[in-house]
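**Q** I'd like to ask you about the structure that follows.
The values are calculated or read from the model by the stated rules, or taken from the named source; none is laboratory data. Just so we're clear, the structure is a prediction, and the values are computed from it rather than from any experiment. As a convention, Cβ positions derive from the backbone with ideal geometry for all residues, glycine included, and neighbour counts pool all protein chains shown.
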Amino acid sequence: MVSPLRRVLVKKPAAAMATADPTTWHYSGSLSADLLQRDHRALIDILQDFGAEVLYLEQDPAELADAVFTHDVSLATPYGAVLCRMGKILRRGEQELHQAFYESQNIPLLGRIEAPGTVEAGDCVWLDAKTLLVGLGFRTNRHGASQLQEILRPHQVEIHSFDLPVYQGSDACLHLMSILSMLDHDLALVLESMLPVRLMQFFRSRNIECVAACEEEFKSSGTLNTNVLALAPRNCVVVEGYSETHRRLQESGCTLHAFSGSELCLKAEGGPTCLTRPLYRCP
């Protein structure tokens, strides 16, 4: 999740996103189509300036307002892709868009999560090609994690699962990646007070150092100060405005690329990791 990013799947904000009911979709307010596009374009500029090839999901179903958050719907592995089954019911159907994309690119499909299982890839964190961390909460359940383990077992992938806190309840979006972002192979940004104890101990056993995100900024950002996309080791995309967390990242040797995200990210509960489905990173 930190090696140099070379190919990534994104989707432009749909017209349906700007007209979606904020209460139904759990947005913090109504959204502006122009500002959504502005924020998304700023992120794409950073990706392309880094040299990543940006591919787009072209379909735009009116009922799928959250499809801009491409990360969660499928899990990319070194061996092919896994189609997820979303815990957020309104997002079910997005996996068909991802399936069509993978088939068009001749990317193997290893399997898909079926009912009663749920998995959202925001709950999945790769430490290396054989070690996957999975957060269990309102978006990913044990049935889904078990199915994922069976899909990946032929490739000798080991899954380590950790229970997530309730935090703000089942309607809010809290993924494992809401409280954890990998910055380097041996460095992670974490929200310490919400990190499972077993996960902290696991990091120590793997000699992974943790940078503590600012608690106040975590609350004011709706978890987005910990939502950091690694373009390469210690080379990161962040949502601007969280100076204390960013200071701590820079003191750990990270170079930061900030974009506004005031409309697309803060109002709709998704940061730079959520808006990108990395497809290929250099070994």
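**Q** Has region 122-130 got any residue that is under 28 Å from Tyr56 (Cβ atoms), over 17 Å from the mean Cα position of the chain (by Cα) and either modelled with pLDDT under 95 or not in a strand (DSSP E or B) (or both)?
**A** Step one: filter region 122-130 for residues under 28 Å from Tyr56 (Cβ atoms), giving 122-126, 129.
When the remaining residues are screened for being over 17 Å from the mean Cα position of the chain (by Cα), the result is 129.
If we keep only those that are either modelled with pLDDT under 95 or not in a strand (DSSP E or B) (or both) too, we end up with 129.
Within region 122-130, one or more residues are under 28 Å from Tyr56 (Cβ atoms), over 17 Å from the mean Cα position of the chain (by Cα) and either modelled with pLDDT under 95 or not in a strand (DSSP E or B) (or both).
**Q** Filtering region 23-43 down to residues that are free of Cβ contacts under 8 Å to residues at least 24 places away in the same chain, over 19 Å from the mean Cα position of the chain (by Cα) and in a helix (DSSP H, G or I), which residue is surrounded by the most Cβ atoms within 10 Å (Cβ to Cβ)? First the steps, then the outcome.
**A** Step one: of region 23-43, the residues free of Cβ contacts under 8 Å to residues at least 24 places away in the same chain are 23, 30, 33-34, 41.
Pick out the ones that are also over 19 Å from the mean Cα position of the chain (by Cα) and you get 23, 30, 33-34.
Restricting the remaining residues to those that are in a helix (DSSP H, G or I) gives 23, 33-34.
Values: Thr23: 8, Ala33: 14, Asp34: 10.
Top of the filtered list is Ala33.
**Q** Let me ask something else. Checking the structure you have, find out if any residue of region 44-55 is buried (at least 21 other Cβ atoms within 10 Å of the Cβ) and at pLDDT 95 or above.
**A** Step one: list which residues in region 44-55 are buried (at least 21 other Cβ atoms within 10 Å of the Cβ), which gives 47, 52.
In the following step, the residues that additionally are at pLDDT 95 or above were identified as 47, 52.
The answer is yes, given that some residue of region 44-55 is buried (at least 21 other Cβ atoms within 10 Å of the Cβ) and at pLDDT 95 or above.
Conditions tested, residue by residue: (1) without any contact (Cβ under 8 Å) to a residue 60 or more places away in the chain; (2) touching a Ser or Thr at 6+ places or on another chain (Cβ under 8 Å); (3) of a type in the set (Asp, Glu); (4) closer than 20 Å to Thr276 by Cβ.
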position: Met1; (1), (2), (3), (4): no, no, no, yes
position: Gln59; (1), (2), (3), (4): yes, no, no, yes
position: Val73; (1), (2), (3), (4): no, no, no, yes
position: Ile113; (1), (2), (3), (4): yes, no, no, no
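**Q** Now for a separate question. Determine, yes or no, whether Thr245 is surrounded by 19 or more Cβ atoms within 10 Å (Cβ to Cβ), of a type outside the set (Phe, Trp, Tyr) and under 17 Å from Leu176 (Cβ atoms).
**A** Working: surrounded by 19 or more Cβ atoms within 10 Å (Cβ to Cβ): yes; of a type outside the set (Phe, Trp, Tyr): yes; under 17 Å from Leu176 (Cβ atoms): no.
So Thr245 fails the test.
**Q** Next up: Could you grab the pairs with beta carbons closer than 9 Å, sequence gap of 6+ or different chains, first residue in region 174-192 and at pLDDT below 95, second one among the basic types (Lys, Arg)?
**A** These pairs meet every condition: Leu174/Arg139; His175/Arg139.
**Q** Cβ contacts < 7 Å: first residue surrounded by fewer than 17 Cβ atoms within 10 Å (Cβ to Cβ), restricted to region 4-21; second residue among the polar types (S, T, N, Q) and part of a loop (DSSP other than H, G, I, E, B), any location; separation 6+ or different chain. Result?
**A** So the pair list comes out empty.
**Q** Looking only at region 220-245, which residues are in contact with a Pro (Cβ under 6 Å, 6 or more places away or on another chain) and without any contact (Cβ under 8 Å) to a residue 24 or more places away in the chain? Working first, answer last.
**A** Start the filter on region 220-245 by keeping residues that are in contact with a Pro (Cβ under 6 Å, 6 or more places away or on another chain), which leaves 229, 232, 237.
Of everything in region 220-245, nothing turns out to be in contact with a Pro (Cβ under 6 Å, 6 or more places away or on another chain) and without any contact (Cβ under 8 Å) to a residue 24 or more places away in the chain.
**Q** Further, regarding this structure: Report, by residue number, each residue of region 155-192 that is buried (at least 19 other Cβ atoms within 10 Å of the Cβ), of a type outside the set (A, V, I, L, M, F, W, C) and either assigned to a loop (DSSP other than H, G, I, E, B) or over 19 Å from the mean Cα position of the chain (by Cα) (or both).
**A** His175
**Q** Determine if region 256-276 includes at least one residue that is surrounded by fewer than 21 Cβ atoms within 10 Å (Cβ to Cβ) and out of contact with any helix residue (DSSP H, G or I) (no Cβ under 9 Å at 6 or more places or on another chain).
**A** No, every residue in region 256-276 fails to be surrounded by fewer than 21 Cβ atoms within 10 Å (Cβ to Cβ) and out of contact with any helix residue (DSSP H, G or I) (no Cβ under 9 Å at 6 or more places or on another chain).
**Q** Please go through region 51-103 and pick out each residue that is outside any helix (DSSP H, G or I), among the hydroxyl-bearing types (Ser, Thr, Tyr) and over 15 Å from the mean Cα position of the chain (by Cα). Spell out how you get there, then give the answer.
**A** Of region 51-103, the ones outside any helix (DSSP H, G or I) are 51-69, 74-88, 92-93.
Within this subset, residues satisfying the condition of being among the hydroxyl-bearing types (Ser, Thr, Tyr) are 56, 74, 77, 79.
Correct list: Tyr56, Tyr79.
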